[in-house]
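Read the structure below first, then the notes.
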Amino acid sequence: MTPSDIQQLSEACQKRRTFAIISHPDAGKTTLTEKLLLYSGMIHTAGMVRGRKGRKAAASDWMAMEQERGISITASAMQFTYKDTIINVLDTPGHEDFSEDTYRTLTAADCAIMVIDASKGVERQTRKLFEVCRLRKIPVLTFINKMDMPGRDPLDLMHEVENVLQIHSTPFNWPIGAGKDFCGVVDCATRECLFFSKISAGGAQKAGIARLPLEDEGVKKRLGEEQYQQLLQELELLEMAGNPFCQNDFLAGDVTPVFFASALTNFGIEPFFDAFIHLAPSPHIRFANSDKGEDVEIDPIQTPFSAYVFKLQANMDKRHRDSMAFLRICSGRFDRDLVVKHHRLGREVRLSRPHGMVAGERTTLDIAYAGDVIGVINPGVFAIGDTISLTGGFNFKPLPQFQPEIFARVQPKDVGKRKSFDKGVLQLTDEGAIQLLRPFDLSGDLIFAAVGQLQFEVMQYRLKDEYGVETLVSPLPYQCSAWLLGNKDTFKKTTTAIIVQDRFDRPMVLFSEQWEKQYAIKQNPDHQLVDILS
Ligand code: G4P
């Protein structure tokens, strides 16, 4: 590579931020995404990201089912520019039921924004997604949303983040007023007050910002003596009790910066995005296994093009009847029609007709860099986790696998459709859309397993829509599972639990209740029950 190539790659890399937004449903992830698009100038009115309650349907609603329901099922990626920074936002499903796609999408992110509803605190799904961030050491920024509504005490919320998620938190701003009196924030680093007001800019509702030093008379006047003194006290308390922020601890996933805002009213949105692009890392080194079995560092700039498949999806667009593989570029520069080495197949493939996603519209890409997500037509050569690279010789570490929580037997309604059913099921398991488990003695039917209920609904929909097979799903009475490490023959299980094997012949235990799993953990100190295989 020439010095000018390196400079070009380095500039492209520095400019990129690739992240996912994680939250429990209804915390405001969609609203925050919309505001990011709004402040980037990509859209002019909020409410366009997905077809919510009859609003304009979003271009990212690929599957008909998503449009029917107004929810975003498939994890997609969008690219746009925010103030000279190239944003790749990986969209994780916003429905109560999420899927393995949601988890896998997180592996493609360099950092995450965790949205928390100020009145609800840390909720179940947020916890599960955060676990994946912790496992992958993905830095997380915390966005406490809905400050315009009556909510919980800000200090309480910060403690909850620390206690429930076991991570240090550092407030970057502090709310002034709460509920209908939420009017601004104090920037903790500069001790500057930012007062927000509603304005209309370029046809869009945005927030105006008036900045005043905390000590300014105008602040006292505006808040009144009592509220002003209370604010000073709160800030003093924070200074005494708070953790000083260290960028390296944040990048290691040990501390989360906390921001208070209201996505709906735009209050605090722009300062948050500005801080986000400053704090969030650009694409960095990833680790792979060399063919000699050694750990190798894949540098986003120095290593020639490399990428891995984090998501597969068939028949995304009826007009094209195609199957796409989504690749996260980890290093180098991608050029259209690049011929790359496919590690698993041990042969070369040409990446023709690559697509990027700009606000949900597919666009043909000519050039892409580390941090970007490209979708390529998949003529059956790509599987989840596959590595491709220009030089070959290494394989990215396998993607984690997540314990399923929903189990069922599935049959075609019409036995004459068995062949199409088998073909469809094979495709869906290859895509990682559903998991298949077998009883150890190979007797009995296969067990279909998923992380979220919606995966079953999507499976049924797609088997009917794409393979013409109607199916019967009979739920099984298991609620959780874990991979079993240790000798399965000496594992003591409760009578209702069963041991099965996954498609890679690894033993798994299915439990009918959460307490049974906890009980089994206690009863089997020589075995390990693992929720996420990394
Ligand atoms: P999600 O993607 O995380 O599921 O949440 P979403 O953005 O769809 O927001 C869920 C609900 O919360 C929406 O109301 C949204 O308008 C509201 N919301 C989001 N941010 C804020 C905020 O800062 N303040 C207040 N007060 N509300 C907020 P909805 O009634 O369910 O939908 P809609 O009628 O607004 O579309």
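The values are calculated or read from the model by the stated rules, or taken from the named source; none is laboratory data. All of these numbers come straight from a predicted model, not from anything done at the bench. Glycine also receives a Cβ, built like all others from the backbone with ideal geometry; neighbour counts cover every protein chain displayed.
Data overview
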| item | result |
| --- | --- |
| Hits in region 299-323 - residues which are in a loop (DSSP other than H, G, I, E, B), modelled with pLDDT under 95 and either in contact with a strand residue (DSSP E or B) (Cβ under 8 Å, 6 or more places away or on another chain) or buried (at least 21 other Cβ atoms within 10 Å of the Cβ) (or both) | ASN315, MET316, ASP317, ASP322 |
| Answer residue from region 366-396, given it is buried (at least 16 other Cβ atoms within 10 Å of the Cβ) and charged (D, E, K, R) and is nearest to CYS111 (Cα to Cα) among those | ASP372 |
| Per-region count, region 266-298, residues buried (at least 17 other Cβ atoms within 10 Å of the Cβ) and of a type in the set (Asp, Glu) | 1 |
| ASP430 part of a loop (DSSP other than H, G, I, E, B) and at pLDDT below 90 | no |
| Wholly within region 222-298, strands (runs of 3 or more DSSP E) carrying at least 1 residues that are under 30 Å from ILE388 (Cα atoms) and either within 16 Å of the ligand (Cβ to nearest atom) or touching a strand residue (DSSP E or B) at 6+ places or on another chain (Cβ under 8 Å) (or both) | 286-290, 295-298 |
| Residues of region 9-30 classified as surrounded by fewer than 24 Cβ atoms within 10 Å (Cβ to Cβ), in a helix (DSSP H, G or I) and modelled with pLDDT under 90, total | 0 |
| Qualifying residue in region 49-61 (condition: in contact with a Ser or Thr (Cβ under 7 Å, 6 or more places away or on another chain), modelled with pLDDT of 85 or more and not small (Gly, Ala, Ser)) | no |
| Among residues of region 405-427, those that are touching a helix residue (DSSP H, G or I) at 6+ places or on another chain (Cβ under 6 Å) and outside any helix (DSSP H, G or I), counted | 2 |
| Long-range neighbours under 7 Å by Cβ, at least six apart or interchain, first residue in the same structural domain as ASP181 (by the TED database) within region 214-235, second among the charged types (D, E, K, R) and assigned to a helix (DSSP H, G or I) | TYR228/LYS220 |
| Where a residue in region 3-19 is farther than 7 Å from SER282 by Cα and its partner, wherever it lies, is in a helix (DSSP H, G or I), with Cβ under 9 Å and at least six apart | PHE19/PHE276 |
| Condition check for LEU510: assigned by the TED database to the domain that holds ASP414 and surrounded by 14 or more Cβ atoms within 10 Å (Cβ to Cβ) | yes |
| Residue that is farthest from the ligand (Cβ to nearest atom), among those in region 137-163 that are surrounded by fewer than 19 Cβ atoms within 10 Å (Cβ to Cβ) and basic (Lys, Arg) | LYS137 |
| Odd one out for GLU123 among (1) over 30 Å from LYS198 (Cβ atoms); (2) modelled with pLDDT under 95; (3) out of contact with any Ser or Thr (no Cβ under 6 Å at 6 or more places or on another chain) | (1) |
| LEU436 touching a residue at least 60 places away in the same chain (Cβ under 8 Å) and either among the charged types (D, E, K, R) or surrounded by fewer than 20 Cβ atoms within 10 Å (Cβ to Cβ) (or both) | yes |
| Positions within region 109-136 being within 16 Å of the ligand (Cβ to nearest atom) and under 30 Å from ALA288 (Cα atoms), in sequence order | ALA112, ILE113, MET114, GLN125, THR126, ARG127, LYS128, LEU129, PHE130 |
